[in-house]
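The values are calculated or read from the model by the stated rules, or taken from the named source; none is laboratory data. Just so it is clear, the structure is predicted and the values come from calculations on it, not from any experiment. Here the Cβ positions follow ideal geometry from the backbone for every residue, glycine too, while neighbour counts run over all protein chains shown. Ligands, DNA and RNA are stripped out before the accessible areas are found, and what is left, the full protein with its side chains, is counted by its heavy atoms. Shrake-Rupley method; radii C 1.70, N 1.55, O 1.52, S 1.80 Å.
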Amino acid sequence: MTLWEQRSREEKCLLNPGFCANLLWHSAVGYAAGGQGALSFEESFLVLPFVLHRETREGLPRSTRTSLAVWLEENPLARARLSSRARLLAPFTKEALTLGGMHGFIRFDSGKVYADAAWAKVVSKALNNSSDEVRICAKRSEFVGKWFAETGSVVTVLALIGVRP
C-alpha cells in the first residue's frame, strides 16, 4: 500500500478509505434489506469493483429482477474485468474495512459485514452534502448488496463472477 502522502490526487479522492467504507456500509445495508442476513467478508471485496468503475456502475440493472447470473451473461466484458479489478482494489477494500471497523461504522461477526444502523443519520446528512456522483455510488452500492443477497450463497456469487476467496 502506498503511503497516503505519496498517493496521487485521484487516488486520494476516489479510493479514499472513508468514501470506500461508506460504499461498503451501503452495500451491507442493501444486503440486510434483501432479507438474507449479512454481507459476507468475501463479497465485500466485490463491491468496489462493481461501483467505482463508471461503465460497470452505469450498466447495472435498475432492479434486482435482473439476476446477477443473467446480467453477467449479458455483460461478458464486465464479468471478465471484475476479477482483475477485485484483485487491484483488494488493498483499498481492506483499508476501508479497517477504517470502518475502527470507528464502529462497520461491524464484523462470524465472517459477516454489518452496517451499524446508528450511523444512518450521519450517512444521510453526509450524502445530502455530496455530489450527485457520490450519491449514485452509494445507491448502486446498496443495490449490489441487495443483489448479492438475492443471488444466494457467497459461493454462488463468487462462482458466477469467477473469483475465489
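Filtering region 1-24 down to residues that are outside any helix (DSSP H, G or I) and of a type in the set (A, V, I, L, M, F, W, C), which residue is least open to solvent (accessible area, probe 1.4 Å)? Only one residue fits best here, namely Leu15.
Residues in region 147-155 include at least one that is aliphatic (A, V, I, L, M), surrounded by 14 or more Cβ atoms within 10 Å (Cβ to Cβ) and more than 25 Å from Arg7 (Cβ to Cβ). Can Leu72 be described as surrounded by 15 or more Cβ atoms within 10 Å (Cβ to Cβ), of a type outside the set (Phe, Trp, Tyr) and touching a Gly at 6+ places or on another chain (Cβ under 9 Å)? Considered against the rule, which asks whether it is surrounded by 15 or more Cβ atoms within 10 Å (Cβ to Cβ), of a type outside the set (Phe, Trp, Tyr) and touching a Gly at 6+ places or on another chain (Cβ under 9 Å), Leu72 comes out as yes. Taking residues in region 46-68 that are free of Cβ contacts under 8 Å to residues at least 24 places away in the same chain, and partners anywhere that are of a type in the set (Asp, Glu) and in a helix (DSSP H, G or I), the pairs with Cβ atoms closer than 9 Å and at least 6 places apart or on different chains are Arg54/Glu133; Thr66/Glu74. Could you please find all residues in region 90-115 being open to solvent by less than 40 Å² (accessible area, probe 1.4 Å), outside any helix (DSSP H, G or I) and either under 11 Å from Leu24 (Cα atoms) or in contact with a strand residue (DSSP E or B) (Cβ under 8 Å, 6 or more places away or on another chain) (or both)? Passing the criteria: Phe105, Ile106, Val113, Ala115.
Count of region 25-69 residues, restricted to those that are under 19 Å from Arg85 (Cα atoms) and open to solvent by 40 Å² or more (accessible area, probe 1.4 Å), is 7.
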